[in-house]
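Some notes on the structure that comes next.
The values are calculated or read from the model by the stated rules, or taken from the named source; none is laboratory data. As the structure is a computational prediction, the values presented were derived from the model and not from experiment. So basically every Cβ, Gly included, is an ideal-geometry build from the backbone, and we count neighbours across all protein chains shown.
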């Protein structure tokens, strides 16, 4: 049975407006107090999840390389690949310096030429006329090169300069590995040049005729040896200058000369046709890409191998010599993404990142170069608002280091206000100094992928003493930034510089 209300006055069935306003004010105050902590906690949680995603992508790529028996890797995709055009002070490095997406890549099948009987020709050619000690003049340094007829290697011809095809350079470029015949030796392309024909500078000692001559277009490749040193010997021969610039110094008739010559390893015979195999650059794999969460990013401006911790940043690539006037940027030029490849034995096979192409005082393009490193690869997982606009500004955070030269030249990318020597003022701690951020480290010799926190920056005096910095002889801001990154990575190496 429901009892009737027996109290004095009417029964209350709701709060008064005053009580509601007081409760709302209290709730608003509590929310205002708790929200910053909650927001920061959510940011840190998102970053932790993103670091796990990045680490997992590398681990998965390594596992795929071992499973498939072919190089497999990860591409770190820049948010934007263009930074504008014009002089350096008109460029915007920011968005091209971080990534939120990664996708998988694999090495395609080997490129063995355009026909079943495709061959190339190892040759010797004069590289310079610098005198060699202990050898009588005239003398010339003879270097090994390789001539690829276009009918045998059309893709290589398209990738060679001048006027290379950028599409072809995505597959074959400086740093691409190749081997000759069954020698077992591996070489790397240093430079590829289109030629309309080839005649060696070496001539027969008795007849004066060229040792080797090929009257068709092709590609002449400069290369280096991977893991081996070429044999050298001194050879007596005959030299006929073919460069018109040398005719003033040397007569046209064959001249006896001493040749200091690099020999091809593995018993490879010069001037004889031999088969070849190129391991082309990676192509996308049929696996779903991965994306970071929240405002977490991979900060490429402070990522790279220990030997060059700024290597993957667009500013370091574009302005690689900060002590001189920065070049201008041509229109419609884009950076490439970063790729890390694992070999079938689980080790790091190679890393692909950009090298600038400069004509006069203008950057006309970027081509992937292949890095084989023995030092730790470190990728910073941080916050988008912790990416620096100008990497040289990081040298003065948290404090300016006495004797630092910021190397500001004509039309240079501007530093943030207030200007040096005042410390950098920020609304968000830069990723390299934020102990909430994370390094994803990859050991090249084993392929092991680990995750470790960012170490804090010490006081200026401690930092300067440890790294030997000071007014005399002084140091550049770019080098101070490199030291700050080594400091930030110290937790991964037991407190010592890697």
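Here's the yes/no breakdown for (1) surrounded by fewer than 18 Cβ atoms within 10 Å (Cβ to Cβ); (2) in a strand (DSSP E or B); (3) at pLDDT 65 or above:
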| residue | (1), (2), (3) |
| --- | --- |
| 118 | no, no, yes |
| 121 | no, yes, yes |
| 127 | yes, yes, no |
| 131 | yes, no, no |
| 137 | yes, no, no |
| 141 | yes, yes, no |
| 145 | no, yes, yes |
| 148 | no, yes, yes |
| 151 | yes, no, yes |
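Just one of the listed residues (50, 46) is touching a strand residue (DSSP E or B) at 6+ places or on another chain (Cβ under 6 Å), farther than 30 Å from residue 358 by Cα, at pLDDT below 95 and surrounded by 11 or more Cβ atoms within 10 Å (Cβ to Cβ), and it is 46. Would you be able to say whether some residue in the range 447-454 is assigned to a helix (DSSP H, G or I), closer than 30 Å to residue 73 by Cβ and in contact (Cβ under 8 Å) with a residue 60 or more places away in the chain? Scanning the range 447-454 turns up no residue that is assigned to a helix (DSSP H, G or I), closer than 30 Å to residue 73 by Cβ and in contact (Cβ under 8 Å) with a residue 60 or more places away in the chain. Listed by first and then second residue, the pairs with beta-carbon distance under 7 Å, at least 6 apart or on different chains, first residue in the range 64-92 and outside the structural domain of residue 337 (by TED's automatic domain parsing), second at pLDDT below 95 and buried (at least 16 other Cβ atoms within 10 Å of the Cβ), form an empty list.
For the range 262-301, what are the residues that are within 30 Å of residue 48 (Cβ to Cβ) and in a loop (DSSP other than H, G, I, E, B)? So that I can check it myself, show each step before the final result.
Of the residues in the range 262-301, the ones within 30 Å of residue 48 (Cβ to Cβ) are 282, 284-301.
Residues satisfying the conditions are 282, 285, 286, 287, 288, 289, 292, 293, 294, 295.
Per the listing 351, 367, the residue uniquely part of a strand (DSSP E or B), modelled with pLDDT of 90 or more and more than 22 Å from residue 436 (Cα to Cα) is 351. Residues of the range 60-75 that are in a helix (DSSP H, G or I) and out of contact with any strand residue (DSSP E or B) (no Cβ under 6 Å at 6 or more places or on another chain): 60, 63, 66, 67, 68.
Results for (1) modelled with pLDDT under 95; (2) crowded, with 23+ Cβ neighbours inside 10 Å; (3) not assigned by TED's automatic domain parsing to the domain that holds residue 84, shown as yes or no for each residue.
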position	(1), (2), (3)
384	no, no, no
394	no, yes, no
410	yes, no, no
420	yes, no, no
434	no, no, no
439	no, yes, no
443	no, no, no
448	no, no, no
459	yes, no, no
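Among the residues making up the range 159-168, those that are surrounded by fewer than 22 Cβ atoms within 10 Å (Cβ to Cβ) and either in contact with a strand residue (DSSP E or B) (Cβ under 9 Å, 6 or more places away or on another chain) or assigned by TED's automatic domain parsing to the domain that holds residue 353 (or both) are 161, 162, 163, 164, 166.
Checking each residue of the range 331-344 against the condition of being out of contact with any strand residue (DSSP E or B) (no Cβ under 9 Å at 6 or more places or on another chain), in a loop (DSSP other than H, G, I, E, B) and modelled with pLDDT of 90 or more gives at least one match. Of all the residues in the range 170-216, those that are at pLDDT below 85 and more than 30 Å from residue 337 (Cβ to Cβ) number 23.
Look through the range 422-432, keep the residues that are loosely packed, with under 15 Cβ neighbours inside 10 Å and either touching a strand residue (DSSP E or B) at 6+ places or on another chain (Cβ under 8 Å) or in contact (Cβ under 8 Å) with a residue 40 or more places away in the chain (or both), and return whichever of them is farthest from residue 343 (Cα to Cα). Of everything passing the filter in the range 422-432, 427 is farthest from residue 343 (Cα to Cα). Number of residues in the range 321-344 that are under 26 Å from residue 68 (Cα atoms), surrounded by 19 or more Cβ atoms within 10 Å (Cβ to Cβ) and in contact with a helix residue (DSSP H, G or I) (Cβ under 9 Å, 6 or more places away or on another chain) equals 4. For residue 158, the requirement of being part of a strand (DSSP E or B) and at pLDDT 50 or above is not met.
Of all the criteria given as (1) at pLDDT 95 or above; (2) over 23 Å from the mean Cα position of the chain (by Cα); (3) over 30 Å from residue 56 (Cα atoms), the one not satisfied by residue 427 is (1). Residue 480 passes every criterion in (1) more than 27 Å from residue 45 (Cα to Cα); (2) assigned to a loop (DSSP other than H, G, I, E, B) apart from (2).
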